[in-house]
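The values are calculated or read from the model by the stated rules, or taken from the named source; none is laboratory data. As the structure is a prediction and not an experimental result, all values here were calculated from the model. Here the Cβ positions follow ideal geometry from the backbone for every residue, glycine too, while neighbour counts run over all protein chains shown.
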Amino acid sequence: MTEIYSGDPKKTPLYDAHVNAGARMIDFGGWLMPVYYKGIVEEHKKVRERVGLFDLCHMGEAKISGPGALEFLQKITTNDVSTLNIGQAQYTLLCYPDGGIVDDILVCKAKDGYFLVLNASNTDKDLEWIRSHEEDGVEIRDMSPDTALLAIQGPDSAALLSKLTEVNLDDIFYYQFTSGSVAGVDCLISRTGYTGEDGFELFFECAHTEELWNKLLDAGAEYGIEPIGLGARDTLRLEMGYSLYGNELDSKTNPLEVGLGWIVSRVKDDFIGKDPIEQVRQEGPSRRITGFKLLERGVPRTGFKIEKDGEEVGVVTSGSLSPMLGVGIGMCFVPPELAKAGNQFHVLVRGKKVLAEAVRPPFVESKVRRSK
């Protein structure tokens, strides 16, 4: 990530805490955020091996309620919201009429409506798009200005959090949530994350952000907890093969090209973008995303070209050195026949051809706590 300041970036309530902790701050989607504190590799391994704490207060949140809320969400999202029970979260997409992706989001079903989690750089765009389809019987409320979000991720996350809450965390599985007090702060406690590790995301009122941040750090001292920046967040999600908006996902990308057909309902009567997506399902995509690992020394980066038999056939969407594997890994768009695991091609790393092999992510084992 490069340090680029444009305009007047926003700051989370923890900006001063990050600066005082020695974080290198960057402009990320219009927010001043920590890219790292001590180093990306060290922070990455901290999450994989123990526990780390993330400031995600830049993320967007919205509430959809009213008698028409379910029907409305069925129309604007690709997944089947009707399958959700209270206390369950769902990964889904907002799509344009042509099947291109507006954003990938979370939909959480609560007793009084639905809670949406939006990507930070897309929050304003998402809300504008959602409101442009507003119907009678639906109330759309932007919760972002009043909602803070902290994530605790890593093998010791449950042990740490259990010190601060009376909620039985064993009752919460992956993509489930509940309400409860954490260190005296009322929270929505969600067993979700973007790292592939067991962990939780805490949503609460912004006024308590610094208080809860410090209490989590204090309670996590025995587990060696450290604050984690966006740099490690990116390498952690890459080792899982999780897509990132602006890299793997954008307005020109069809969900089936990036392996997200599993969150595109085949039983819903209709939703925005359904027909173009189904057309690609019938005809087959002209390109597919695949993971890859380098078989020779090198570090792949976004935008590097993919070659097969001397011909340019694709492009790297995300790439880095895997801190856990010690080799270059990434994701790229290539022709469908080349995307199958085991196929080999070259990545042009700063002009040098480096041999790579297609791999089906995750690159390292996922440790999320599933119910089955």
### Summary
Residue hits (the range 63-78; more than 14 Å from D269 (Cβ to Cβ), in a loop (DSSP other than H, G, I, E, B) and in contact with a strand residue (DSSP E or B) (Cβ under 8 Å, 6 or more places away or on another chain)) are G66
### Task
Could you please find all residues in the range 1-23 being more than 19 Å from K38 (Cβ to Cβ), buried (at least 18 other Cβ atoms within 10 Å of the Cβ) and modelled with pLDDT of 95 or more?
T12
### Query
For the range 294-345, which strands (runs of 3 or more DSSP E) that fit wholly inside it have 1 or more residues that are under 23 Å from the mean Cα position of the chain (by Cα)?
311-321, 328-334
### Message
Considering only residues that are outside any helix (DSSP H, G or I) and over 19 Å from G66 (Cα atoms), which ones fall in the range 107-138?
### Response
L118, N119
#### Entry: Test: residue in the range 268-291 that is acidic (D, E), over 26 Å from M59 (Cα atoms) and assigned to a loop (DSSP other than H, G, I, E, B)
yes
### Query
If the Cβ limit is 7 Å and pairs must be 6+ apart or interchain, which residue in the range 136-161 that is more than 22 Å from A183 (Cα to Cα) pairs with which residue that is assigned to a helix (DSSP H, G or I) and of a type in the set (K, R)?
I140/R131
### Summary
Filtering the range 159-168 for residues that are in a helix (DSSP H, G or I) and surrounded by fewer than 19 Cβ atoms within 10 Å (Cβ to Cβ) leaves a count of 2
### Single residue of the range 171-181 satisfying the filter (of a type outside the set (A, V, I, L, M) and in contact (Cβ under 8 Å) with a residue 12 or more places away in the chain) that is surrounded by the most Cβ atoms within 10 Å (Cβ to Cβ)
F177
### Task
Determine whether the range 80-100 contains at least one residue that is assigned by TED's automatic domain parsing to the domain that holds Y194, touching a residue at least 12 places away in the same chain (Cβ under 8 Å), in contact with a Phe, Trp or Tyr (Cβ under 7 Å, 6 or more places away or on another chain) and not in a helix (DSSP H, G or I).
no
### Task
For V313, state whether it is surrounded by fewer than 17 Cβ atoms within 10 Å (Cβ to Cβ) and of a type in the set (A, V, I, L, M, F, W, C).
no
### Task
Write out, first by first residue and then by second, each pair whose Cβ atoms fall under 9 Å of each other, whose residues are 6+ apart or on separate chains, and whose first residue, in the range 182-200, is farther than 14 Å from F54 by Cβ and in contact (Cβ under 8 Å) with a residue 40 or more places away in the chain while the second is part of a strand (DSSP E or B) and aliphatic (A, V, I, L, M).
L188/A110; L188/L202; R191/A89
#### Entry: Matching option when the condition is within 25 Å of T92 (Cα to Cα) and among the aromatic types (F, W, Y), among F363, F345
F363
### Message
Going through T178, T195 one at a time, which residue ends up being at pLDDT 95 or above, within 28 Å of T92 (Cα to Cα), outside any strand (DSSP E or B) and assigned by TED's automatic domain parsing to the domain that holds E49?
### Response
T195
### Query
Are any residues in the range 139-158 in a loop (DSSP other than H, G, I, E, B), surrounded by 21 or more Cβ atoms within 10 Å (Cβ to Cβ) and touching a strand residue (DSSP E or B) at 6+ places or on another chain (Cβ under 8 Å), and if so, which ones?
G154
### Query
If you scan the range 241-261, which residues turn out to be in contact with a Pro (Cβ under 6 Å, 6 or more places away or on another chain) and farther than 11 Å from S318 by Cβ?
L256, E257
### Task
Give the number of residues within the range 346-360 that are within 23 Å of the chain's Cα centre (by Cα) and not in a loop (DSSP other than H, G, I, E, B).
2
## Note on the structure
Selection from the range 67-86 of residues more than 24 Å from S243 (Cα to Cα) and surrounded by 18 or more Cβ atoms within 10 Å (Cβ to Cβ) yields A69, F72
#### Entry: Set R301, R287: member being crowded, with 16+ Cβ neighbours inside 10 Å and among the basic types (K, R)
R287
### Query
Yes or no: L53 modelled with pLDDT of 95 or more, more than 30 Å from N214 (Cβ to Cβ) and either in the same structural domain as W213 (by TED's automatic domain parsing) or in a helix (DSSP H, G or I) (or both)?
no
### Query
Hey, among the residues in the range 27-50 that are of a type in the set (A, V, I, L, M, F, W, C), in a strand (DSSP E or B) and modelled with pLDDT of 95 or more, which one's surrounded by the most Cβ atoms within 10 Å (Cβ to Cβ)?
M33
